[in-house]
Every structure is written in structure tokens, then in C-alpha cells.
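Just so it is clear, none of the values below were taken in a lab; they were calculated from the coordinates. Keep in mind the model is a prediction, meaning the values are calculated, not measured. No Cβ is skipped: glycine too gets one built from the backbone with ideal geometry, and neighbour counts run over all protein chains shown.
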Amino acid sequence: MSENLAGKRILVVGGARGIGADVVRRTAQDGADVVVATRSGPGHVRIDVTDETTIARAARSLGTFDHVVSTASAHHDVPLPDLEHDKIQAAFSAKVIGPLLLAKHFAPRMPAGGSFLFFSGIVGWRPKAGTVVKGTANAALAALVTHLAVELAPLRVNALAPGITDSGTWDRLPDERRLALYDGAAAASLTGRVGTLDDVADAALWLLGAGWVTGETVHVDGGSRHR
Ligand SMILES: NC(=O)c1ccc[n+]([C@@H]2O[C@H](COP(=O)([O-])OP(=O)(O)OC[C@H]3O[C@@H](n4cnc5c(N)ncnc54)[C@H](OP(=O)(O)O)[C@@H]3O)[C@@H](O)[C@H]2O)c1
């Protein structure tokens, strides 16, 4: 049975939109005291996971958290000849180095029973031309949580790897491309549909409270990896 999140203090980096915002809404509904961090700051705490000084400052000034969540990601989905070094670094910085630095600065202040939850993604397990950066960063994050789980025990460290989810992030695509992406992802899943915010938040809330689960990447993808 999941531990109750009521009264727990939770930091959600990337909590102003998409999956992060839904995790904020749902954990707050469960009675958690939730702090939202974004890159731009106003109205929220400022944390840019690619800038260690913002992480260190937030850790010093915000006190103790039971759980730290990060949904930060940066995309660089282009064919190999078009890769740019600084954008490759930005993608790894958001998904891999950022979580590592969040662990470095927040873990020493976390109480027993605390946990980290980071966001990987299905492309780490479904190699496809044009997604080498996102794929390897997502897979690296799965390795990172195993190492951190060992180093930070008994704090828990886990990741969620969503499949294609209608989180708002794909709204930046023209309608036709977005619908084609969703149709393809639904057909490639075992459940015949793309993910919803609730699908992913349900799993996130469970993982935050799952006191005997650590070092795991939980796949919430409608079985898409198996097709
Ligand atoms: N939606 C999907 O289909 C899908 C599939 C597989 C994996 N995922 C993963 O699930 C996570 C959440 O996805 P989503 O759909 O909610 O994506 P999203 O809408 O793009 O959200 C990403 C969040 O990360 C924040 N962020 C980006 N760079 C940051 C940085 N350097 N420092 C701090 N925050 C930063 C963004 O904040 P700003 O507002 O400042 O940009 C935004 O709130 C991501 O890691 C994504 O890769 C999603």
C-alpha cells in the first residue's frame, strides 16, 4: 500500500505545465505541501537544472523536502549530421546532469522516507532515427537512478518512463502532425491509445508513496515497448 502523501513537502521542478503541473495538482489534492520550481521563476521558485547555482541556492533557502520531482527535458531530435554540440549538452544537462545535481544538493537535507522521482521516456527503449540524443539521455537516466538509489539509500530514487502522452507538450506541433503522432503511438501501443495526464500522474503518485521501490524505472506506456 502507498504511503499517504498528506502533509509531505514536495518540490516539483517543471511543475508549471504538462505532466509536472498535473503532479502538482494531484499531490496537492492528496494534502501535500507542494512547491513549484520553474526556470523563469516569477510566482515560483527559480530552478534551472542546467545551472547548479540555482539548484544550490534553492536547496539552501527552501528547507527540507520529503520528495523532489523533476520533469525537466530539452529536445534535440534531428538526424545525426545536424546534431549541434551545445544542444546535445543541453539535452543531457536537463535529463541526466540536472537530476544528478538535484540529488547532490537536496539529498543531504531529506528525511528518512524521502525520495526522488525523475522523468525518462519510452524513446530510451525504442531506438529510432533522429532521436539518438533523447533516447540515450532517457536511457542514461534509467542507469542514473540505479546508481543514486544505491548511493543515497535509504532515500529512494526512481524514474517514470512515459510513452507518448497528451500532456500539452505536443500542442506545439501543427494539428496534422500531432494527430499523426498520436495515431501512430496509439497503434504502436498494446492498449490502442496514447497516455493521458492522469495515466502518468497515477503512476507518479504511486511511486512517491511506494516505500519499498527504489532504483526502478517504471514504464507507463500502454505496453508500447513490447510491440
Ligand atoms: N509527453 C510525452 O509524450 C512524454 C513522453 C515521454 C517522456 N516524457 C517526459 O516526461 C517529462 C514531462 O513531459 P511533459 O510532456 O510534461 O513535457 P513539457 O510540457 O515539455 O514539460 C517539461 C517541463 O520541464 C521544464 N524544464 C525544461 N528545462 C528545464 C530546466 N533546464 N530547468 C528546469 N525546468 C526545466 C519545463 O519548464 P519551462 O516551462 O520552463 O519550459 C516544463 O515545465 C519530460 O521529461 C518528458 O521528456 C514525456
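The table for this structure:
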| quantity | calculated |
| --- | --- |
| Whichever residue in segment 47-90 is within 16 Å of the ligand (Cβ to nearest atom) and basic (Lys, Arg) and, among such residues, is nearest to Ala142 (Cα to Cα) | Lys87 |
| Every pair of residues 6+ apart whose Cβ atoms lie under 8 Å, when the first sits in segment 187-210 and is more than 16 Å from Phe119 (Cα to Cα) while the second is of a type in the set (Ser, Thr, Tyr) and surrounded by 15 or more Cβ atoms within 10 Å (Cβ to Cβ) | Ala188/Ser224; Ser189/Ser224; Leu190/Ser224; Val194/Thr165; Val194/Tyr182 |
| Long-range neighbours under 6 Å by Cβ, at least six apart or interchain, first residue under 30 Å from Asp33 (Cβ atoms) and in contact (Cβ under 8 Å) with a residue 24 or more places away in the chain within segment 68-90, second charged (D, E, K, R) and surrounded by 15 or more Cβ atoms within 10 Å (Cβ to Cβ) | Ser73/Lys95 |
| Residue match in segment 103-124 (condition: among the hydroxyl-bearing types (Ser, Thr, Tyr) and surrounded by 20 or more Cβ atoms within 10 Å (Cβ to Cβ)) | yes |
| Conditions (1) surrounded by fewer than 20 Cβ atoms within 10 Å (Cβ to Cβ); (2) closer than 24 Å to Leu205 by Cα; (3) not aromatic (Phe, Trp, Tyr); number of the one not met by Asn138 | (1) |
| Positions within segment 25-34 being away from the ligand (no atom under 13 Å from the Cβ) and out of contact with any helix residue (DSSP H, G or I) (no Cβ under 6 Å at 6 or more places or on another chain), in sequence order | Thr27, Ala28, Gln29, Asp30, Gly31, Ala32, Asp33 |
| In segment 1-24, the residues that are within 13 Å of the ligand (Cβ to nearest atom), touching a residue at least 24 places away in the same chain (Cβ under 8 Å) and either charged (D, E, K, R) or over 21 Å from Asp51 (Cβ atoms) (or both) | Arg17, Ile19, Asp22, Val23 |
| Filter result for the condition that a residue is surrounded by 20 or more Cβ atoms within 10 Å (Cβ to Cβ), closer than 26 Å to Gly7 by Cα, of a type in the set (A, V, I, L, M, F, W, C) and within 10 Å of the ligand (Cβ to nearest atom), over Ala37, Ala94 | Ala37 |
| Residues within segment 27-54 that are more than 19 Å from Leu205 (Cβ to Cβ), over 16 Å from the mean Cα position of the chain (by Cα) and touching a residue at least 40 places away in the same chain (Cβ under 8 Å), tallied | 1 |
| Of all residues making up segment 64-91, the number that are under 22 Å from Thr214 (Cβ atoms) and surrounded by 19 or more Cβ atoms within 10 Å (Cβ to Cβ) | 8 |
| Test for Asp77: is it in contact with a Gly (Cβ under 7 Å, 6 or more places away or on another chain), more than 24 Å from Trp206 (Cβ to Cβ) and not basic (Lys, Arg) | yes |
